[in-house]
Amino acid sequence: MNAAERTASARWRRWGRRLWRWITGISIRYKLLGMVLATILLLGLAVTVQVQVELASDLRQSLEERGIAITRDLAEDATDLILTQNIFGLNQELRATLETNPDVRYVFVLNPQGQPLAHSFPNRLPPDLLTANPLPADVPWQVQILNSDEGLITDVAAPIFEGKLGVVRLGLSHRRLEATVAEATRRLMLTTLAALGLGAVAVLLLTRILTRPIFDLLTATRAVSKGDLHLRPPVRMTDEVGELTAAFNTMTEDLARFRDELLRQNRQLAALNAVARAVSGARNLSEVLDAALRSALNALGCTAGWVVLREEGTDTPVIIAAQGLSEDFLSREVAPNIEPCRCLDILHAQSDWQLPILRQECPRLRRAADHHGPEACFDRHLSIPLVSHNQPLGVLNLALHTGQPFQAEQVELAGAIGRQVGVAVDAERQRRRLVAELARREVLRGQLLERIIAAQEEERRRIARELHDEAGQALTSLMVGLRLLEREVDTPETLLHRTAELRQMTDRILENLHRLAMDLRPASLDHVGLVAALRQYVDTYSRQHHLKVQFEAVGLEGERLPPDVETALYRIVQEALTNVARHARASRVGVLLERRGDRLVAIVEDDGIGFLPETVAEKDGRLGLFGMRERAEMLGGTLSIESTPGKGTTIFVEVKHAHSHLSGR
Amino acid sequence: MRREFLFLGIGLVLLFLTACRDSSPYPYVQLNVEDRGAVVAVERAPGKLPLRVAVAAVISPKATFDTYSPLLDYLARRLDRPVELLQRPTYAEINELLRTGQADVGFVCGGAFVEGEREGYLELLVVPEINGQITYQSLIIVPADSPLWNFADLRGRRFAFSDPLSNSGRLYVQYRLLQMGESPESFFDETIYTYSHDNSIRAVAEAIVDGASVDSLVFEALLRAEPNLASRLRVIERSPRFGIPPVVVHPALDTTLKNALRQALLEMNRDTQGKQALQALHVDHFTPPNSATYEDIRRMAAQVRGWQK
């Protein structure tokens, strides 16, 4: 394929595509019309051509057979006429043949020399004919179609008396045959035309029937695309188009339903959003409830409503917010000893209590009606449970006008609003509790600070006293002893006794100083680590207080912890043991220090009298406990106390511990 | 690619539909000619005048043509001139050709000869000898399954004559009836002329007529040619023997020609071509005639036709 051919081929393809686009772009009605008309036309043409060919062939055949029969008859008849030299009779015979057979154009007789004996032409025998259709010997007849100035001629030659007397030649004109074929063709064409006309009408009617549902569908589709989901094209037939229409209608219905659902959910979301926005802007519970009530009224199309909450602690239902209600109503309903609406109880009594209900017999509304107040127009209210963490907090009541319709959709929305408001109320309450807790802790922190300062003063006083009482006294004694020593220089036996006495005294002083230093901050903590320091402390503690203390450290051997952790744990255990010594009246104490994964756990337990952790007196142990907890929390850990009166006490400390100091070294 | 083929196909069909009407594959002839055409051929070839031989329709013209063609060829050679066979449907017409000189020599029936002889325009030239005889018979035949067993049974029946001038085909029956005091019109219900003996035989065989009188020579020759005919025919009467159909000429014919003709015919059995011609004619040979042989016929004709002696 060279370049020119490729170009030509591409052009063909381009034209083909253009034609195809044009064809496919035609309306289906005209496509069908075109198809049917083309089919009829093709069929008509095919039949016409077929009939034309076959009829012509048949007629030619029959013409030929007739010609052969006539010619052979003539040859037979001519034999005797020629043998009896009856040329006139021969001429008569030829004329008769010509006259009785309309298709015969000419007939003539040639003698064996090929010269004419008789012929049917008015004047002369055309010379062309003499040489045309020569008859071979021993052939019963010979047919040759000739083309002449008068159209086609079937020329039949038959020998007379086996050729001894010459040849009869007969010419049959095709004119009548052709006329017949032409007439048949004309009729077939007329029939085809009639069929085309009928076909066109039928197709137009049929396509109208066929395409009408399609156009209906088209219209409906356009309507749908513009957002109108109400158009339902009728299902006219049960064929594919009918099924399509039915499917379309189902789809449109589904679409409409989904859209309505979507809109409904959107409205709900908008309403919930409005509630959330209103509630989030509120600063306290009252504002939260006011905002929630306002939003709920707006979202549900109501004008009046109130919120009843169970009071914390007492669980008494109290009207805590109201909208659209008169002062009379409110003052009446908040008065003590008045029959409250039982809606909260009724709501919680039903199995599916998280769903809103309609209350028909509200005593509050009844009383309003009795007093002919402005609330007399309400005859029932919708009770929306306020729920948080699956716990009922209260109820939001929306008053409904007499006869005001209320739909399931609104009930659902009301439920959602109720849950949201419940969560908001709960959050607000939680916040309030946290604030209170914070305030309480602040107070404790202040007390601790005071206590620390006091403890420092106490410590200083104690050190001063101890220095004064013990070290001062001892040093004074030492001074006195030294003075005595000066005097007793002369008496060596006394001097030796005195020196021993002074050394003992110095030992005591040193021990006291050491104890003092240990109490302030054990030097061993810095030098030998937590475990060794605690073990040393526990030994001292055990001796001092005559208590059996079991100390155990697991997974911490030879390991140094961060200094703050070591200090904090040392102080917590020290405080705990101090408390045991002061209050527990225990006989045995167990101290466990254990590494559990990345955590450090310290447990101090005793078999003492125990206590109720909630009822620890403020000034006394509580501050100590609070200090311990503070220390634990400073390290990101927790401290818990388990104690029951008579069953001993366990203090459980857990702090996070990184391995930095183990790996760092 | 497929679409291109489609277009091509449609184009070809259209081309075929429009083109198939023109450019005929047949030879052309001009039918309407003014003066250029051929006229009817002159009947005689230029050169020597042909010898015209007239043969009476004893048998059908085609059979006659076949039978006599070798003879004509022989004569043409012997006489060195073209020979033309003249046939006419009736004996009377043959007689007329001979009488008026349109024919030179004639093969005629005994009945026709005695008629021409009486009128003075026929004379015997030679007679054929067939199976050693120069006589023949008239046979009365009926269909094989016919209930008729003798001539008298034919009364009131349909009967076929061959020719008005035929001896065996009519004159004998006329004479026979005259002897019985009857005439064909009174005796038969209906009579027809077949104008040749083989036609008469076929008419009986196909029971178109109830009976016919035919030339015994023709009858025997036909049965030889078509043996199955014999089973369909029955001969119920044989006439006495009559003079065989002779070869005749006009008495005024040029003597030289007459002699040449006679000699040619008499010498046929000495010539190869002549022998073949005699064989075709089923004739042994030609012999000089004896006028007395035809006396019976002359007598019967005189009685039947009421001749005045």
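Please say if region A:356-476 is rounded, prolate or oblate, where rounded means a/c under 1.5 for a ≥ b ≥ c the square roots of the C-alpha gyration tensor eigenvalues, and otherwise the choice is prolate for a/b larger than b/c and oblate otherwise?
Verdict is prolate for region A:356-476.
Antiparallel versus total DSSP beta bridges in region A:522-664: what percent is that, nearest 5? Don't skip to the answer; put the middle values down first.
Values: 22 of 29 bridges.
Taking every DSSP beta bridge within region A:522-664, about 75 percent pair in antiparallel fashion.
How high is the relative contact order of region A:27-229, in percent, counting Cα pairs under 8 Å that sit 6 or more residues apart?
Reported relative contact order: 28 percent.
Have a look at B:LEU31, B:LEU139, B:LEU51 and tell me which one the Gaussian network model of chain B (Cα, springs below 10 Å) gives the largest fluctuation.
Maximum among the listed residues: B:LEU31.
Under the rule of at least 5 residues apart or a separate chain, name every residue whose amide H is placed under 5 Å from the amide H of A:LEU146.
A:ILE153, A:THR154, A:ASP155
Mind checking the mean number of beta-carbon atoms from other chains within 10 Å of the Cβ atoms in A:127-134?
4
Under a plain spin-label model, where a point goes 7 Å from the Cα along Cα-to-Cβ, how far apart in nm are A:GLN456 and B:ALA292?
21.1
To the nearest 0.05, how large is the calculated FRET efficiency for A:ALA184 and B:ASN32 if R₀ is 35 Å and r is the Cβ-Cβ distance?
0.75
Cut-off is 10 Å between beta-carbons; in what order do A:VAL109, A:VAL435, B:VAL214 appear when sorted fewest neighbours first?
A:VAL435, A:VAL109, B:VAL214
Going 7 Å from the Cα of A:ALA376 toward and past its Cβ, which residues in region A:319-339 have a backbone nitrogen under 19 Å from where you end up?
Label zone hits: A:325-333.
Give the shape of region B:183-309 as rounded, prolate or oblate, defined through the alpha-carbon gyration tensor: a ≥ b ≥ c are the square roots of its eigenvalues, a/c under 1.5 means rounded, and otherwise the shape is prolate if a/b is larger than b/c and oblate if not.
oblate
Check each of the trypsin sites (Lys or Arg not before Pro) in region B:197-286 and keep only those in coil by DSSP with at most 11 other C-beta atoms within 10 angstrom; list them in order.
none
Order by neighbour count: A:GLU559, B:GLU190, fewest other Cβ atoms within 10 Å first, most last.
Least to most surrounded, the residues fall as B:GLU190, A:GLU559.
What does the extension gain come out to for A:ARG175 and A:ASN101, with contour length at 0.36 nm per residue minus their alpha carbon separation?
Taking 0.36 nm per residue and subtracting the Cα distance, the gain is 25.3 nm.
For a paramagnetic label modelled at 7 Å from the Cα of B:ALA207 toward its Cβ, which residues of region B:151-180 fall within the zone defined by backbone nitrogen distances under 12 Å?
Residues passing the 12 Å test: none.
Given a Förster distance of 22 Å, report the FRET efficiency between A:GLU466 and A:GLN550 from their Cβ-Cβ distance, rounded to the nearest 0.05.
0.15
I'd like the Karplus ³J(HN,Hα) series for region A:625-640: coefficients 6.51, -1.76, 1.60, θ = phi - 60°, whole numbers in Hz, and an x wherever there's a Gly or Pro.
For region A:625-640, the Karplus curve yields 4, 4, x, 4, 5, 4, 4, 4, 5, 4, 8, x, x, 10, 9, 10 Hz.
What size of dipole, in debye to the nearest 20, comes out for chain A about its Cα centre when the only charges are +1 on Lys and Arg C-beta atoms and -1 on Asp and Glu C-beta atoms?
1380
Spelling out what I want: for every residue of region A:8-20, take phi, set θ = phi - 60°, compute 6.51 cos²θ - 1.76 cosθ + 1.60 (Karplus), and round to whole Hz; glycine and proline get x.
4, 4, 4, 5, 4, 4, 4, 4, x, 5, 4, 4, 4
Give the percent of DSSP beta bridges with both residues in chain A that are antiparallel, rounded to the nearest 5.
Close to 90 percent.
Rounded to the nearest 0.05, what FRET efficiency is calculated for A:PHE652 and A:ALA532 with R0 set to 25 Å and r the Cβ-Cβ distance?
Step by step, r from the Cβ atoms, then E = 0.60.
Would you mind checking which residues have amide H under 5 Å from B:LEU51's amide H? H placed 1.01 Å from N; only 5 or more apart, or other chain.
B:VAL83, B:GLU84
When only DSSP loop residues count, what trypsin sites (Lys or Arg not before Pro) in region A:201-288 have their Cβ near at most 14 other Cβ atoms within 10 Å?
A:LYS226, A:ARG236, A:ARG283
Considering only the other residues whose Cβ falls under 13 Å of the Cβ of B:ARG202, what net charge follows from Lys and Arg at +1 and Asp and Glu at -1?
Values: positive: B:ARG232; negative: B:ASP198, B:GLU206, B:GLU226.
Result for the local shell: -2.
Fewest to most neighbouring Cβ within 10 Å: what's the order for A:MET628, A:MET505? Can you show the working numbers first?
Working: A:MET628 23, A:MET505 16.
By the 10 Å Cβ count, ascending: A:MET505, A:MET628.
With the Cα gyration tensor of the protein assembly as shown giving a ≥ b ≥ c as the square roots of its eigenvalues, does the rule (a/c under 1.5 for rounded; else a/b larger than b/c for prolate; else oblate) give rounded, prolate or oblate?
In terms of gyration-tensor shape, prolate.
What does the helix-only formula give at 222 nm for chain A: each DSSP H stretch with n ≥ 4 adding -39500 (n - 2.57), the total divided by the residues, and the result rounded to the nearest 500 deg cm²/dmol?
Theoretical 222 nm ellipticity from helices: -20500 deg cm²/dmol.
In chain B, with Lys and Arg counted as +1 and Asp and Glu as -1 at Cβ, which of these residues, B:GLN276, B:THR287, B:PRO61, has the Cα nearest the positive end of the dipole, that is, farthest along it?
Projecting each Cα onto the dipole axis, the largest value belongs to B:GLN276.
Any read-out appearing in this document is the output of simple, stated calculations on the displayed coordinates, not a laboratory observation. All values reported here derive from a predicted model rather than from experimental measurement. Positions of Cβ are backbone-derived with ideal geometry, glycine not excepted, and every protein chain shown enters the neighbour counts.
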